[in-house]
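Student: Right, I'll just put the structure down here and ask away after.
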């Protein structure tokens, strides 16, 4: 029996739990058809085809049956079989999804795995016995298209999780509850930040308060990039489809692209920004003295996504990528990558992301370019990481189709991980677009292209921040930085004067002169997560002060307005 709970151990445990789940569903609903059931980062799932929807009551019965199977201590065992044997087995049970999976398996790697009376098509990686599952919980049901295509049947996906101890399970369930409380879609409505509408499905509408946060993010991004010598550009949203064929995006990405015709010529709405940067670079002859050239773009892109994967700001059909494309030559690669890493980590620290994991993603199954070019690019990234003594893990096969990449994953305030920034080293795009520069020898040479982003999708990063802060943005990001309110209408003129002073100082102030009780107005401001509340009463009116309250209930007492302005400006400046 396993005594540890490494990531590999948990994956094995959870994969075994997906079989337990399938066995339970099959025993309770004999007509169900089985699809797939992998382990995932925080648990597992299994996809089912049933002629009716699973109910909450069904989920309780299924979980109870799973716990019975766990108690039985069923042994997992695998048997290698021939294609014919597997086909006969699943045809007899009319398991059409298993038969389709079987078509894609090589003849020499077909296995059937058994636990108790249950048999599944599987390549293994199980615990020895179901009794090793010590903490088990089914979570929810969702829809999922078979093989991710909306042309295929919609299946029902049951999610669950499992751990080696009840303590770990309880901690995870508490995290889920906290995540629900922080759900950016819920907070977006409550704080009046953004909304979604059927008139433009899965594309966010940012409200005035939401735009303040958005613009502050962009303002900070621009400031830091200007310091690092980046030059901002803007490229068209619609470009000829031939450009995307030349770049390789069409071949690998056309199912996620939108197309349109103008004057009988086929165009594509850009899903990425990189080809536009190559055209800017190629617009005039470049010299080695011009390199590195760092072209930055906050480019709006559109991607066709299946409805089943859309999720608030985390997965939308239109979003802004904070792209930068650095054109450089060989000797500059390591230094440029090191500079990008420092910039990314610096900016993440500003948002309170102190725990950042870095991984090196290598050549995927679908890629373009020779093995030699991929090896050269991968070595370039690896050398930069090692030279700068940066700890990293390897993610085999996780690279982009045109090159390997370094991925940055941040851990938020409740312990969840989010993949955000990326650095990609690309020898292919300069080749495809014929990019050149004049070297010191007077001859033409091919530059190297580094793709990189700090936020990734600005919209997604925005959603991550909403949940990271639980909607309680730090002062510099907060839509309203201070609320000025009164005890009674006698202080209205004084409150208006104080409000105007804060606005003139560049501090985002809001005025609340409603004839409500002060405790009610303070409670409303707390619900809106406003960082500071300045109350003007009779005493404050006489002394040109406000009674200052900090979000969360701390009372700082009466302070001169000039002192409060200085305090807030210092906090905004330091982004503390």
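Student: Can you pull the Kirkwood radius for the range 125-265, inverse mean 1/r over Cα pairs, to one decimal in Å?
Tutor: On the way: mean 1/r = 0.0471 Å⁻¹.
So the Kirkwood estimate lands at 21.2 Å.
Student: Okay, next question. Per 0.36 nm of contour for each residue apart, how much would the distance between residue 96 and residue 493 grow if the chain were fully extended, relative to their Cα-Cα spacing?
Tutor: Values: separation 397, 0.36 × 397 = 142.92 nm, distance 7.52 nm.
Full extension from residue 96 to residue 493 adds 135.4 nm.
Student: Please give, to one decimal in nm, the separation of the simple spin-label points placed at residue 123 and residue 60, each 7 Å out from Cα toward the Cβ.
Tutor: 4.0
Student: Set the Förster radius R0 to 56 Å, insert the Cβ-Cβ distance between residue 174 and residue 441 as r into 1/(1 + (r/R0)^6), and round the FRET efficiency to 0.05.
Tutor: Numbers: r = 64 Å, r/R0 = 1.14.
Computed FRET efficiency for residue 174 and residue 441 comes out at 0.30.
Student: Another question, if that's okay. Taking the mean number of other Cβ atoms within 10 Å as a proxy for protection, how do you rank 192-205, 522-535 from highest to lowest?
Tutor: Values: 192-205: 14.6, 522-535: 19.7.
Highest-to-lowest ranking by the protection proxy: 522-535, 192-205.
Student: Next question. Where the centre of each part is set by its Cα atoms, how far does the range 462-497 sit from the range 286-351, in angstrom?
Tutor: Distance between centres, Cα-based: 32 Å.
Student: Which log10 I(q)/I(0) values, to two decimals, does the range 378-486 give at q = 0.11, 0.21, 0.23 Å⁻¹ under the Debye formula with one point per Cα?
Tutor: Log10 of I(q)/I(0), two decimals: -0.56, -1.17, -1.26.
Student: Could I have the simple spin-label model distance between residue 555 and residue 265, label points 7 Å from Cα toward Cβ, reported in nm to one decimal?
Tutor: Those two pseudo-labels are separated by 7.0 nm.
Student: Same structure, new question: Can you give me the C-alpha center-to-center distance between the range 50-127 and the range 174-203, rounded to a whole angstrom?
Tutor: That distance is 37 Å.
Student: Calculate how large, on average over all directions, the projected area of the Cα convex hull of the range 482-574 is; give the answer in nm² to one decimal. Intermediate values should be presented prior to the final figure.
Tutor: Details: hull surface 21.2 nm².
Projected over every direction and averaged, the Cα hull of the range 482-574 covers 5.3 nm².
Student: Give the span of the range 7-179's Cα atoms along each principal axis, as three whole-Å numbers ordered largest to smallest.
Tutor: 47, 35, 26
Student: Can you pull a Stokes-Einstein diffusion coefficient for the range 191-239 at 37 °C (0.692 mPa s), Rh from Kirkwood over Cα pairs, as a whole number of µm²/s?
Tutor: Values: Rh = 13.2 Å.
In µm²/s, the coefficient is 248.
Student: Viscosity 1.567 mPa s, temperature 4 °C: give me the Stokes-Einstein translational D for the range 1-68 in µm²/s, with Rh taken as the Kirkwood radius over C-alpha pairs. All intermediate terms of the calculation are to be shown ahead of the outcome.
Tutor: On the way: Rh = 12.8 Å.
Taking Rh from Cα pairs, D becomes 101 µm²/s.
Student: Find the percent of Cα-Cα distances in the range 429-546 that exceed 18 Å, and round it to a whole number.
Tutor: On the way: 4514 of 6903 pairs.
Pairs farther apart than 18 Å: 65 percent.
Student: Between residue 240 and residue 167, what is the FRET efficiency for a Förster distance of 51 Å, r being their Cβ-Cβ separation, to the nearest 0.05? Show your work: numbers first, answer last.
Tutor: Working: r = 58 Å, r/R0 = 1.14.
Computed FRET efficiency for residue 240 and residue 167: 0.30.
Student: How many percent of Cα pairs in the range 423-476 exceed 15 Å?
Tutor: Details: 947 of 1431 pairs.
Here the long-distance tail beyond 15 Å is 66 percent of all Cα pairs in the range 423-476.
Student: How long are the semi-axes of the equivalent ellipsoid of the range 55-97, taking √(5λ) for every eigenvalue λ of the Cα gyration tensor, in whole Å from largest down? List each step's numbers first, then the result.
Tutor: Numbers: eigenvalues 169, 62, 7 Å².
Equivalent ellipsoid semi-axes, largest first: 29, 18, 6 Å.
Student: Just to be sure I understand the curve: with the Debye formula and one point per C-alpha of the chain, what is log10 I(q)/I(0) at q = 0.05, 0.08 Å⁻¹?
Tutor: For the chain at q = 0.05, 0.08 Å⁻¹, log10 I(q)/I(0) is -0.29, -0.72.
Student: Over the Cα atoms of the range 187-469, what is the Rg over Rh ratio if Rh follows Kirkwood?
Tutor: Numbers: Rg = 18.9 Å, Rh = 19.8 Å.
Checking Rg against Rh, the ratio lands at 0.96.
Student: Using a 7 Å offset from the Cα along the Cα-to-Cβ direction at both residue 539 and residue 393, what is the distance between the two label points in nm, to one decimal?
Tutor: Roughly 5.6 nm, to one decimal.
Student: While we're looking at this one, here's another question. For q values of 0.12, 0.13, 0.24 Å⁻¹, compute log₁₀ I(q)/I(0) with the Debye formula on a Cα-only model of the range 341-437, without solvent.
Tutor: These q points yield log10 I(q)/I(0) values of -0.43, -0.50, -1.21.
Student: If you don't mind, there's one more thing I want to ask. Say R0 is 56 Å: what FRET efficiency, to the nearest 0.05, do residue 109 and residue 413 get from their beta-carbon distance?
Tutor: Values: r = 44 Å, r/R0 = 0.78.
Efficiency computed from Cβ-Cβ geometry: 0.80.
Coordinate-derived values only; no laboratory data. Just so it is clear, the structure is predicted and the values come from calculations on it, not from any experiment. For neighbour counting, all protein chains shown are included, and Cβ atoms are generated from backbone atoms with ideal geometry for every residue, glycine included.
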